[in-house]
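Asker: Structure incoming, see below.
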Amino acid sequence: MSSLVAYEDSESEDDYVDQTEEGPSASVQNRSFEHNQEVNMCNSSEVTPSPHSFTIDPDRSVLEYYRNVSERSSSSLHPHSQPQSWERKYRSDGTAQVKHFRDTAAPLSLPATKGKISPLQTLPHMPQSFGDGLNPAKRHHAVLSGVRPYIPKRQRPATSVETVDPNHPADQVPGNQTGESQILSDVSARVKPYLSHKAAAAGIPRRLQMSLGGHQGPVNTVKWCPVPHLSHLLLSASMDKTFKVWDGADSGRCLRVYTCHSGAVRDACWTPCGRRLLTGSFDNKAVITDVETGQQVVKLDNQFKVMCAVLHPSNSEIFLCGGYSSMVKAWDSRSGKVVKVYKAGIQQTLGILFLRGGVDFITSSDCVSRDSADRTLIAWDYQTTAKVSNQIYQERFTCPSLALHPLEESFVAQTNGDYMAVFSSQQPYRMNKRRRYEGHKVEGYAVQCEFSLDGTILASGSSTGSAHFYDYHNARMLHTLHAHSQTCLCVSQHPVLPATAATCDWAGEIKVWQ
């Protein structure tokens, strides 16, 4: 009978017959000897190599293995007898070891290559070694190094894949030891009781609650998160090229440090959802960063040092950037392109303030003349990029910051004349000359001002290091808080907690007051 499968370099059928012409007695004697030897091997405590053990050495070719297999089969089996598989031979013997082998052993599952056989592939019906099924503890000795045995899908353990930001490893994030940040998932125990109640009237902070140190340069601004249940988060931007998020209500620890800029971070603000941060820097970049992961969502080059960056109140995907340039650029964070350009013909923009609805906005500049401050404050139409008015403020002082009243149609401008002036937010943007907020010092610093949530209290920093609180309606000073030894640049009042505020100074120190 001719062979159905012919392997390359394998022996012919005639050679196979010649090797077994010694007679049936010799064949039977050989099979009996081999059978006894294999049974003794199965009963032994240690696994010894078998003449029929198909272990694979990757350095040898597969064709050589097939040749050895053919030789071993021809020396032990009669050409006219039907070959018996190892399972049938040991099933007749009734040994429990073979049943255990059949239930546990699994062939290697390796991808086949087209045109040639991989040297790591084995015959699917042949076990690798008898030791695989006899001793599960030693099963790994029969598996090739670097190759894992196949495990059925139903027997595979459920595993979860975690994605870790390579720029911010979990072990380098303060308070994060598991790789999963809890910045936006936690709710402050101090803020939680005030979430279900109507906001009370704003108060005046009078005592120090905590001091936050960690910045190596002046802190330009501090801002609380606008989302009520996340309002314990405090954002700070510094001249040390970093901005940070703090737990400003309970522990006072730094939750994450963001190093997206290569220059001083001049301005920073929260997005309305509280999940992203917009920052502007002296490295000419405006960056939108994810609070939770620290990854840069958008990074745009303005080609000038950014002094101020403001989000559009109706569309948070649009933001404006101004700085050391005669232009103000409006960016679309979705496309990363400039959608509008406002050309003012000035030296630099110090601040940008959107009025209610986002139809128009105000910019302040350092353009002054000897007798008047022409173009110090400019009103713009957002949609048409046209100037609405440039004769709003006629005094010879620059205005480093602007603040919009949360309820009334008015806004205030911090001036280098050591006072704050109030203006109408409706055209023609008249200034109220009978109301000025005086008592603090500016002296050329970028001192910021801010309203309380109900609009009754107006707060301002001072070059003397103090924080000043004014009654908005009568311009009377309510309280002076001696906060810092150096210039106090910003006073941010908490949107939920009453009589709570955060201050920052030129030395890099942040304090929370209550």
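Asker: Using the Karplus curve 6.51 cos²θ - 1.76 cosθ + 1.60 with θ = phi - 60°, what ³J(HN,Hα) values do you get for each residue of the range 431-444, in whole Hz, with x for Gly and Pro?
Answerer: 8, 7, 6, 8, 10, 9, 10, 10, x, 10, 10, 10, 6, x
Asker: Quick one: Karplus J couplings for the range 203-208, per residue in order, coefficients 6.51, -1.76, 1.60, θ = phi - 60°, nearest Hz, x for Gly and Pro?
Answerer: 3J(HN,Hα) across the range 203-208, in whole Hz: x, 9, x, 10, 10, 7.
Asker: Taking neighbour counts of Cβ atoms within 10 Å as a proxy for exposure, in what order, fewest first, do 317, 443 appear? Each step should come with its number before you reach the end.
Answerer: Details: 317 15, 443 12.
Final ranking by Cβ density, sparse to dense: 443, 317.
Asker: For the range 362-514, what does the alpha-carbon gyration tensor say about shape, rounded, prolate or oblate, given a ≥ b ≥ c as the root eigenvalues, a/c under 1.5 as rounded, and a/b over b/c as prolate? List each step's numbers first, then the result.
Answerer: Numbers: a/c = 1.91, a/b = 1.50, b/c = 1.27.
Note, shape of the range 362-514 comes out prolate.
Asker: Put a dot 7 Å past each Cα toward the Cβ at residue 476 and residue 347; how far apart are the dots in nm?
Answerer: Once both label points are built, they end up 4.0 nm from each other.
Asker: From a point 7 Å beyond the Cα of residue 206 in the direction of its Cβ, which residues of the range 470-495 have a backbone N at a distance under 17 Å?
Answerer: 470-471, 477-483
Asker: Something else about it: Which peptide among 484-494, 305-315 comes first, and what is the full order, when sorted by highest mean count of other Cβ atoms within 10 Å?
Answerer: With the highest mean Cβ count within 10 Å placed first, the list reads 484-494, 305-315.
Asker: Skipping prolines and chain starts, which residues have an amide H placed within reach, meaning under 5 Å, of the one on residue 494, given they are 5 or more residues away or on another chain?
Answerer: 500, 501, 502
Asker: Still on this structure: Taking amide hydrogens as modeled 1.01 Å from N in the peptide plane, which residues meet the under 5 Å criterion relative to residue 366, leaving out close sequence neighbours?
Answerer: 347, 348, 350
Asker: Please compute the length gained on full extension between residue 186 and residue 339, using 0.36 nm multiplied by the number of residues separating them and subtracting their Cα-Cα distance.
Answerer: In short, 51.4 nm is gained.
Asker: Another question about this same structure. Find how much the distance from residue 297 to residue 507 grows on full extension, using 0.36 nm per residue of separation minus their present alpha carbon separation; answer in nm with one decimal.
Answerer: 72.6 nm
Asker: Would you order 380, 513 from fewest to most other beta-carbon atoms within 10 Å of each residue's own beta-carbon? The partial results should precede the final answer.
Answerer: On the way: 380 25, 513 21.
The order, fewest Cβ neighbours first, is 513, 380.
Asker: For the range 480-510, list residues with backbone N below 11 Å from a point placed 7 Å from the Cα of residue 454 toward its Cβ?
Answerer: 498-499
Asker: How high is the FRET efficiency between residue 290 and residue 199 when r is their beta carbon distance and R₀ equals 22 Å, given to the nearest 0.05? All intermediate terms of the calculation are to be shown ahead of the outcome.
Answerer: Working: r = 29 Å, r/R0 = 1.30.
That gives a FRET efficiency of 0.15.
Asker: If we count other beta carbons within 10 Å of each Cβ, what is the order of 462, 364, fewest first?
Answerer: 462, 364
Asker: Continuing with this model, one more query. Which residues' amide hydrogens lie under 5 Å from the amide hydrogen of residue 388, considering only partners 5 or more residues apart or on another chain, with H built in the peptide plane?
Answerer: 379, 380, 381
Asker: Applying 1/(1 + (r/R0)^6) with R0 = 35 Å to the Cβ-Cβ distance of residue 485 and residue 262, what FRET efficiency is obtained, to the nearest 0.05?
Answerer: Calculated value: 0.70.
Asker: Give me a comma-separated list of calculated 3J(HN,Hα) values for the range 243-252, in order, Karplus coefficients 6.51, -1.76, 1.60 applied at θ = phi - 60°, integers in Hz, x for any Gly or Pro.
Answerer: Values, residue by residue: 9, 10, 10, 10, 8, x, 10, 10, 7, x Hz.
FYI, it's all coordinate maths here, none of it is from the lab. Predicted model, so just to flag it, every value in this text is computed and none were measured. Every residue, glycine among them, receives a Cβ derived from its backbone with ideal geometry; neighbour counts consider all protein chains shown.
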